[in-house]
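Asker: My questions all concern the structure below.
The values are calculated or read from the model by the stated rules, or taken from the named source; none is laboratory data. These numbers were taken from a predicted model, which means no experiment stands behind them. A quick note on method: Cβ atoms are made from the backbone with ideal geometry, for glycine too, and the neighbour counts reach across all protein chains shown.
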Amino acid sequence: MNVGVRYGFAVGSVAFLFGNFIACGAQMYRVSLTDDHNAAQVSIEATDPNSPAFGLHSPHGWVKLPIEFKVGNSMDPEQKSGLLAAMKTWEIATGKTLFKYIGVQDGVDGDSFPDLYSSLKDAVNGQYLDANWKKTGKPDVVLATTIWNNSTHDSAAISTADIRFNVQGYVLGNSQTLKGAYVEATGQFKDPVDMQTLALHELGHLLGLAHVSSDMDAVSIMNPYVYIGEGLTNRHVSTGDIERIQKIYGCEGAVCDVDKALDAVLEFSKTDPTQTAAH
Ligand SMILES: [Zn+2]
């Protein structure tokens, strides 16, 4: 039981933001994702279980598919493979090609932008790492944040989006092998976070999904929290997530049967993310 020792480093300022982390023997805890997007962009219908738009912040999805995206220039191969595997999961859930990788954004990453929303001003849908997370204005414990513009022609559709990942406070990669890191200069311990798990949630926002409370769907990847730590992953979506993403994008082929889609998603979640190739 060394949780207490580890929390000695950081507990003073951030403990209040953690949920009920699991103590005793388990080196993991629950981190809130409530603040990982701009709640003002999510309509009240998204939280109303009786609304057809429940769980959807942009029910019309993207104005154009596939979503062409670039990655920031400091993303390493392990992080990138986790990201691509998360994209693939949403594609399996719909049977559609949703994403198209168009390369590394030369010389640019999260730190290139003066603040959070300025990265939306370029024409690139970017997947960025922020080593200087403070600049985003988000609290230190926030793992990542998804920002998007709705179309000027259709406020229920998305025209551009970025994801900014917090690598100042966390180590992102494959949590099955990843270790945390103690930063001597700051006395801070950076916990390991599974990139594929985190990206799956953030990409849900990027595609148009809102948070879904655990009361409504206990196994949704869009629950507003995530468990992090060594060895911890949640690399699949729920039946409800599949229904909601298909409500936006429709479906193609066998996965129009949501049970078959769930089987395919679960099967894929067992694969090594490094086997996912970009397309
Ligand atoms: Zn979220």
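Asker: Could you tell me how many of the residues in the stretch 4-57 are among the charged types (D, E, K, R) and at pLDDT below 90?
Answerer: Of the residues in that region, 1 qualify.
Asker: Quick check on the stretch 206-233: of everything there that is under 30 Å from K64 (Cβ atoms) and more than 9 Å from the ligand (Cβ to nearest atom), which residue is surrounded by the fewest Cβ atoms within 10 Å (Cβ to Cβ)?
Answerer: It comes out as D217.
Asker: Could I ask something else about it? Within the stretch 156-179, restricting attention to residues that are more than 14 Å from H205 (Cα to Cα) and either of a type in the set (A, V, I, L, M, F, W, C) or free of Cβ contacts under 8 Å to residues at least 12 places away in the same chain (or both), which residue is surrounded by the fewest Cβ atoms within 10 Å (Cβ to Cβ)?
Answerer: T177
Asker: How many residues does the stretch 132-144 contain that are under 20 Å from D76 (Cβ atoms) and surrounded by 15 or more Cβ atoms within 10 Å (Cβ to Cβ)?
Answerer: The number of residues fulfilling the criteria is 3.
Asker: Quick check: is even one residue across the stretch 242-259 under 26 Å from W148 (Cα atoms) and either assigned to a strand (DSSP E or B) or among the polar types (S, T, N, Q) (or both)?
Answerer: Yes, the stretch 242-259 contains at least one residue that is under 26 Å from W148 (Cα atoms) and either assigned to a strand (DSSP E or B) or among the polar types (S, T, N, Q) (or both).
Here is a yes/no grid of residues against (1) over 26 Å from S43 (Cα atoms); (2) of a type in the set (D, E, K, R); (3) away from the ligand (no atom under 16 Å from the Cβ):
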{"residue": "A185", "(1), (2), (3)": "yes, no, yes"}
{"residue": "K190", "(1), (2), (3)": "yes, yes, yes"}
{"residue": "M195", "(1), (2), (3)": "yes, no, no"}
{"residue": "G204", "(1), (2), (3)": "no, no, no"}
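Asker: Here's something else I'd like to know. For residues that are of a type in the set (D, E) and over 15 Å from the mean Cα position of the chain (by Cα), scanning just the stretch 112-131, find the one that is surrounded by the most Cβ atoms within 10 Å (Cβ to Cβ).
Answerer: Our first condition is that a residue be of a type in the set (D, E); within the stretch 112-131, this holds for 115, 122, 130.
Add one more test, that the residue is over 15 Å from the mean Cα position of the chain (by Cα), and what stays is 115, 122.
Values: D115: 9, D122: 15.
Ranking the qualifying residues of the stretch 112-131, first place goes to D122.
Asker: Would the stretch 240-251 turn up any residue that is of a type in the set (K, R), out of contact with any Leu (no Cβ under 8 Å at 6 or more places or on another chain) and under 23 Å from K96 (Cβ atoms)?
Answerer: Filtering the stretch 240-251 down to residues of a type in the set (K, R) leaves 244, 247.
Then drop every residue that is not out of contact with any Leu (no Cβ under 8 Å at 6 or more places or on another chain), which leaves none.
Within the stretch 240-251 (the criterion being of a type in the set (K, R), out of contact with any Leu (no Cβ under 8 Å at 6 or more places or on another chain) and under 23 Å from K96 (Cβ atoms)), the answer is no, since none of the residues qualifies.
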